1. Cross-link list LYS100/LYS339; LYS115/LYS389; LYS59/LYS159; LYS148/LYS172; LYS159/LYS179: which exceed 30 angstrom alpha carbon to alpha carbon?
2. May I ask what percent, to the nearest 5, of DSSP beta bridges between residues of the chain are antiparallel?
3. Could you list which residues have their amide H under 5 Å from that of PHE81, counting only those 5 or more apart in sequence or on another chain, with H placed in the peptide plane?
4. For the stretch 280-332, run through the chymotrypsin sites (Phe, Trp or Tyr not before Pro) and keep only the ones in DSSP coil with at most 10 other Cβ atoms within 10 Å of their Cβ.
5. Could you sort 173-179, 345-351 so that the peptide with the highest average Cβ count within 10 Å comes first and the rest follow in order?
6. Quick one: grab Rg to one decimal and Dmax as a whole number for the chain, Cα atoms only, in Å.
7. Out of residues 5 or more away from ILE45 or on other chains, whose amide H comes under 5 Å of its own, with H placed 1.01 Å from N in the peptide plane?
8. Each residue of the stretch 87-104 in order: what ³J(HN,Hα) in whole Hz does its phi give by Karplus 6.51 cos²θ - 1.76 cosθ + 1.60, θ = phi - 60°, with x for Gly and Pro?
Amino acid sequence: MTLSLSTPYQRGTPDGIHCMIPRDQMCSEAILDRDVYALKPNAPIPQREFGYYSLEAWKEQGLLEGTDLTKEFGFDPSGKFSLGGLGWCEAAFTPEFEEKWIRDGEDNTEIIQDKAGRHLLVFKGRRQGFMPEYLDHPVKDQKTWEEKVKWRLDPESEKRYSLLQDRLEKAKTEAQKGKIICQGVIGGYMYLRSLMGPEELLYAFYDSPELLHDCMKTWLELADAVTAYNQKHVTLDEIFFAEDICYNAGPLIGPEMIREFLFPYYQQLINNLRSRQLDQNRHLYVQVDTDGAAHTVIDLYREEIGMDVMSPFEVASGCDIVEIGRQHPYLVMSGGIDKRILAEGPNAIDRELDRIMPTMKRRGGYIPTCDHGVPPEVTLENYRHYRKKMLEYAT
C-alpha cells in the first residue's frame with residue numbers, strides 16, 4: 001500500500017510538510033485561518049457558514065438555481081484542507097452496505113437501508129433535507145458485530161487506501177500554501193451510536209461493555225492505520241472528532257463512562273499522531289464537534305485529550321459564545337450564532353451581532369457561523385441582512 005507521492009526534500013527547506021513555510025509565502029486564506037487558530041486579537045474574521053437546510057425555501061423566494069453562495073454571501077475560501085477516509089456521521093465502511101429499498105410505509109413514506117446498514121423511514125423519492133426516522137441499526141450483539149460490520153472496518157483493505165491517493169496529492173499542494181491540514185474522524189460516541197442506535201447504545205454501556213470496547217479497539221486500529229498512512233506524506237495540523245455527545249442539557253453519558261469507553265482510544269490515537277509527525281515542531285490542534293450543550297464538557301475534553309478547538313455551540317442548549325469565550329480564553333471557537341434570531345428579522349439580528357462580534361473580535365480565535373444548518377424558517381431576505389451585517393465585522 002504505497003503511493004508515488006514523495007518528492008525530493010532537502011532538510012530544513014520550508015515546504016509546509018516537513019517545515020512550515022514563512023507567513024509571507026502563505027495564501028491569504030491560510031493566513032486568515034491560522035490567525036484564528038493562534039487566537040490573534042482583532043484579526044480579520046473569516047466569513048463562513050455551517051450549512052443549509054433552507055435552500056429549497058430560498059429558491060421559492062428568489063434565489064436562482066446554481067447561485068454561487070460564496071459570491072452571493074461574501075464568504076472566504078477555506079484556509080483548511082480536510083483529509084477523509086475515517087467517517088463523519090457514520091463509520092468508514094469499506095465496503096459500505098448496499099443502499100436499497102426495503103418496503104413502503106404509510107402516508108407517502110418508505111423504508112430504506114442506507115450505506116451504514118441502518119433502516120430509515122423517509123418520504124418517498126426524497127432522501128435529503130429532513131431528519132429521517134431511524135428504525136434499525138446493524139449491531140445488536142457480538143455476533144452481528146462480527147458478521148455484518150467489523151470486517152468492513154479492516155485497516156488492511158487495499159481498496160480503502162486506493163481511495164486516498166487523490167486526497168493526499170491535493171493535501172500536499174495545499175500544505176505548500178500554508179493551509180491547515182485536518183484529519184477528520186468520526187468520534188467514538190457518534191460511531192457507536194451509528195452502529196447500535198441512540199437508545200440501544202445507552203443500554204449497551206451497562207449490558208455489553210466488552211462489545212463496546214471491541215468496537216472501539218477496531219475504531220482505533222482503523223484510525224491509526226489510515227492516519228499513519230497519511231502522515232507519511234503530510235504533517236497534520238488538526239485532528240477533528242465528529243462527536244455529537246451532548247443533548248440540550250449536557251452529555252448523554254457521564255464523565256466516568258466517557259473516560260472508560262472513549263478517552264483511552266482518543267489518547268492513544270493522539271499520542272501516535274504526534275509521534276509520527278514529519279514536522280515535529282508542529283502543534284497538533286484537537287477539535288471536538290458536538291451539538292447540544294457543548295459547554296458542559298469543555299473542561300473534561302480539555303483535561304483528558306487536550307482539546308483546543310470546539311464547535312458549533314448551539315444557543316438553544318445554553319451555549320453563549322461570549323461567556324464561553326470569556327471562561328475559556330485558550331479555546332478556538334466556531335459557531336454560536338442563534339439560528340432562531342436569524343429567523344426573527346433585521347432588528348433582532350443587529351442586536352445579537354452587536355452583542356457578540358465586537359467582543360469576540362477583540363478576543364480572537366473565533367469563526368462565526370450559524371449554530372447548525374440554517375433552517376428554512378430563516379428567510380432569504382433575513383439571511384442577506386445577516387450577511388451584510390456580518391461583513392461589517394470582517395476586517
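The numbers here are math on the coordinates, done by the rules we state, and not lab data. Just so it is clear, the structure is predicted and the values come from calculations on it, not from any experiment. All Cβ positions, glycine included, derive from the backbone under ideal geometry; neighbour counts span all protein chains shown.
1. LYS100/LYS339; LYS115/LYS389; LYS59/LYS159; LYS148/LYS172
2. On the way: 13 of 39 bridges.
For the chain, the DSSP antiparallel bridge percentage is about 35.
3. ILE180, ILE181, CYS182
4. Working: sites: TYR285, TYR301, PHE313, TYR330; in loops: PHE313, TYR330.
Answer in residue order: TYR330.
5. Result, highest mean Cβ count within 10 Å first: 173-179, 345-351.
6. According to the Cα coordinates of the chain, Rg and Dmax are 21.6, 66 Å.
7. Counting only residues 5 or more places away or on other chains, the set is THR395.
8. So the Karplus estimates, Gly and Pro as x, are x, 9, 8, 10, 5, 7, 6, 9, x, 6, 5, 5, 7, 8, 7, 9, 6, 6 Hz.
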